[in-house]
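**Q** The structure's right below; bear with me while I get my questions together.
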Amino acid sequence: MTPAARERISNGLTFLLVLVFAMIVLGIPIGRAPVWEPNNARWVLLARDMLERGHWFMPEIRGVPNEGLYKPQLFAWAIAVASLPVGHVTEFTAALPSLVSAVAGVAGVFAIGWRLWGVRAGLLAGLVLTTTLNYFVFAQQCLADVMMTAAMVWALYFLLRIRDDPSIRPVLGFYGCVGTAMLCKGPPGLATLGAAAIATWVERGGVGLRMLRPALGGAILAVFALPWVAPYVVAARPAFIHEVVIGEYAQWFLGPNGLPFRIAHMPSVLLYFIPWTFFRPAAVVWWRRREADESRNYVLWWTLTLWTLVGLSGFRLTVEMP
């Protein structure tokens, strides 16, 4: 066996071990917590309605129409499909899509680290994410957040591939991940486009932006949005426009808590990265001492843009501060 073949096998085994570790750590408590929080219960009830009444495109909550309009259907679909073998939604099947998404997110950061800096970087990235407290907590919740996060991570992976290979395949992969993120929670998933545009423009300029093929991307995202938007507009247009688009989505940027307040609270996102937040100062020092790295800057601009878009929206603040 050649050294290159042995290295490929070793790297593949390392990747597999990280995934197994993530499945064990994140999966042991899955399904043991009762579903009581309203946001979690909403997804459970939507999936239950799909299974029991067949309302796959316009789900209801306990027979009340228009209650499923506030989010796209993808995560509820995932819960319903996971529940098909047992015929009904349980605490385990409701949390299973989040667990699978969490492991997919770990695989994504491993793949990014491996591609940019080698298998050791991928190994460390996967282990760090698996042992991040907030990531562990959300992996147990029947919420669409982890599924959207995993789609965003893989969107970054395909975006990095586009830099080196501007063929159609990584472009399709990138917009497929963006579309998946959009179908998880709606407009927040499209923040990935802003992150991709800023990172690409800063590092590659207009040439890099053209490599993203925005016209093709717009067409792909329109196809992804069709099963989400079309049923809601056809069956409940007034409610969807006024209560959801204007009353819900627009309020993320135009609602309570002004811009200075939101900017002041943006650093609170670092709390979500505990315990690894405490290593950030050392990481910054190491970063400054290392030689210039375009890939590192690319990931940095991507991260800062997503952080800014989330921080400037009122979504996170209104959830935490009723």
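The values are calculated or read from the model by the stated rules, or taken from the named source; none is laboratory data. The structure displayed is predicted, hence computed values, not measured ones. Quick reminder, even Gly has a Cβ in these numbers, built from the backbone with ideal geometry, and neighbours come from all protein chains shown.
**Q** Considering only residues that are assigned to a helix (DSSP H, G or I) and of a type outside the set (Gly, Ala, Ser), which ones fall in region 128-143? So that I can check it myself, show each step before the final result.
**A** First pass over region 128-143, keeping only residues assigned to a helix (DSSP H, G or I): 128-130, 133-139.
Of everything in region 128-143, those that are assigned to a helix (DSSP H, G or I) and of a type outside the set (Gly, Ala, Ser) turn out to be 128, 129, 130, 133, 134, 135, 136, 137, 138.
**Q** Looking only at residues in region 53-97 that are farther than 24 Å from residue 138 by Cα and of a type in the set (D, E, K, R), which one is modelled with the lowest pLDDT?
**A** The residue in question is 62.
**Q** Here's something else I'd like to know. May I ask you to verify whether residue 50 is closer than 19 Å to residue 133 by Cβ, hydrophobic (A, V, I, L, M, F, W, C) and modelled with pLDDT of 90 or more?
**A** Working: closer than 19 Å to residue 133 by Cβ: no; hydrophobic (A, V, I, L, M, F, W, C): yes; modelled with pLDDT of 90 or more: yes.
No.
**Q** Which one of these is under 21 Å from the mean Cα position of the chain (by Cα), under 30 Å from residue 115 (Cα atoms) and among the small types (Gly, Ala, Ser): 68, 27, 12?
**A** On the way: 68 fails: under 30 Å from residue 115 (Cα atoms); 12 fails: under 21 Å from the mean Cα position of the chain (by Cα).
Unique residue meeting the criteria: 27.
**Q** Output the residue which, of all residues in region 52-98 that are surrounded by 15 or more Cβ atoms within 10 Å (Cβ to Cβ) and acidic (Asp, Glu), is farthest from residue 184 (Cα to Cα).
**A** Taking the candidates together, the pick is 91.
**Q** Can you name every residue in region 153-175 that is among the acidic types (Asp, Glu) and assigned to a helix (DSSP H, G or I)?
**A** Step one: list which residues in region 153-175 are among the acidic types (Asp, Glu), which gives 164-165.
164 - this is the single residue of region 153-175 that is among the acidic types (Asp, Glu) and assigned to a helix (DSSP H, G or I).
**Q** Would you confirm, using the coordinates I've provided, whether residue 118 is modelled with pLDDT of 90 or more, on the phi > 0 side of the Ramachandran plot and not aromatic (Phe, Trp, Tyr)? Even if it seems obvious, please write down each step before you answer.
**A** Numbers: modelled with pLDDT of 90 or more: yes; on the phi > 0 side of the Ramachandran plot: yes; not aromatic (Phe, Trp, Tyr): yes.
The answer is yes for residue 118.
**Q** Ok, one more. Taking into account only those residues within region 142-163 that are small (Gly, Ala, Ser) and modelled with pLDDT of 95 or more, which is nearest to residue 183 (Cα to Cα)? If you could, list the steps in order and put the result at the bottom.
**A** Pass one, region 142-163, residues small (Gly, Ala, Ser): 144, 150-151, 155.
Add one more test, that the residue is modelled with pLDDT of 95 or more, and what stays is 150-151, 155.
Values: 150: 13, 151: 10, 155: 14 Å.
Checked region 142-163; the qualifying residue nearest to residue 183 (Cα to Cα) is 151.
**Q** Any residue in region 285-302 that's among the hydrophobic types (A, V, I, L, M, F, W, C): show its pairings with residues that are modelled with pLDDT of 75 or more at Cβ separation under 6 Å, as long as the two are six or more apart or on different chains.
**A** Taking only residues 6 or more apart or on different chains, the pairs are 301/198; 301/199; 301/202; 302/156; 302/195; 302/199.
Let's see how each residue does on (1) within 25 Å of residue 110 (Cβ to Cβ); (2) within 18 Å of the chain's Cα centre (by Cα); (3) buried (at least 21 other Cβ atoms within 10 Å of the Cβ); (4) not small (Gly, Ala, Ser):
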position	(1), (2), (3), (4)
154	yes, yes, yes, yes
192	yes, yes, yes, yes
197	no, yes, no, no
200	yes, no, yes, yes
207	no, no, no, yes
215	no, no, no, no
221	no, yes, no, yes
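**Q** Let me ask something else. If you take the residues in region 156-181 that are over 18 Å from residue 303 (Cα atoms) and of a type in the set (A, V, I, L, M), which one is surrounded by the most Cβ atoms within 10 Å (Cβ to Cβ)?
**A** 171
**Q** Going residue by residue through region 144-152, is there one that turns out to be outside any helix (DSSP H, G or I) and buried (at least 23 other Cβ atoms within 10 Å of the Cβ)? Please lay out each step first, then the result.
**A** Our first condition is that a residue be outside any helix (DSSP H, G or I); within region 144-152, this holds for 144.
Next cut, buried (at least 23 other Cβ atoms within 10 Å of the Cβ) only: 144.
So far as region 144-152 goes, yes, one or more of its residues are outside any helix (DSSP H, G or I) and buried (at least 23 other Cβ atoms within 10 Å of the Cβ).
**Q** Please go through region 15-33 and give me each residue that is β-branched (Val, Ile, Thr) and over 16 Å from residue 97 (Cβ atoms), ordered by number.
**A** Residues of region 15-33 β-branched (Val, Ile, Thr): 18, 20, 24-25, 28, 30.
18, 20, 24, 25, 28 - these are the residues of region 15-33 that are β-branched (Val, Ile, Thr) and over 16 Å from residue 97 (Cβ atoms).
**Q** Right, next: Can you tell me which residue among 224, 261, 278 is modelled with pLDDT under 75 and in a helix (DSSP H, G or I)? Explain how you work it out, then say what you get.
**A** Working: 224 fails: modelled with pLDDT under 75; 278 fails: modelled with pLDDT under 75.
The conditions single out 261.
**Q** Let me ask something else about it. With the structure loaded, tell me whether residue 39 is surrounded by fewer than 18 Cβ atoms within 10 Å (Cβ to Cβ), within 20 Å of the chain's Cα centre (by Cα), farther than 24 Å from residue 16 by Cα and touching a residue at least 40 places away in the same chain (Cβ under 8 Å) or whether it fails that test. Break it down into steps so the answer makes sense when it comes.
**A** Values: surrounded by fewer than 18 Cβ atoms within 10 Å (Cβ to Cβ): yes; within 20 Å of the chain's Cα centre (by Cα): yes; farther than 24 Å from residue 16 by Cα: yes; touching a residue at least 40 places away in the same chain (Cβ under 8 Å): yes.
Yes.
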